[in-house]
Structure formats: C-alpha cells, structure tokens
C-alpha cells in the first residue's frame, strides 16, 4: 500500500474554501458602525456623556449602549453615544 509521505509539504488551494461560501461579503446592511466616525474608550465616553464609569458600564451591560470589548477595554462608537443622548 501507498503510505502518505508526511515529510512532503501539502499545497492547499485557498480559493476552494472561499468559493464554498454563499455570501463572501458578510456585511448585508452597509458598513459596520465601528468603521464610521470616531471610536471612544470608556474614559472618553464618560467625558462625552458626562456620566461616571460605573453608570456607563451598567448601560453597556443592560444593552442600552452597544459596545465592543477589545482586549481588556471597551470601545464605543460616537454615533452610539449620540443616539443615547438623543433618547434622554
């Protein structure tokens, strides 16, 4: 029997993987909110909203503000902060 030669490098065609996807562009409704406008960390967002950091974190965890956790910190879009100010 022919046994595979594990010492020989195998070449994979990356196009085979990409062609199987139905929709290669996963953004269906335009650009993501994170790619538009300024991005704030929690300290900057607190200054912008004039609230304390514990209050901001309560709003994030309650789902009233959409934020992304990147590494150890949270990032918020300026448009999201303006939307929250408009609700007040």
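Coordinate-derived values only; no laboratory data. This is a predicted model, so every value here is computed, not measured. Ideal geometry is used to build each Cβ from the backbone, glycine not excepted, and the neighbour counts take in all protein chains shown.
Structure summary
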{"item": "Global form of region 36-88, assessed from the alpha-carbon gyration tensor, a/c cut-off 1.5", "result": "rounded"}
{"item": "Approximate spin-label separation residue 79-residue 55, in nm, with each point projected 7 Å along Cα-to-Cβ", "result": "2.6"}
{"item": "Ranked packing of 69-76, 38-45, most packed first, by mean Cβ within 10 Å", "result": "38-45, 69-76"}
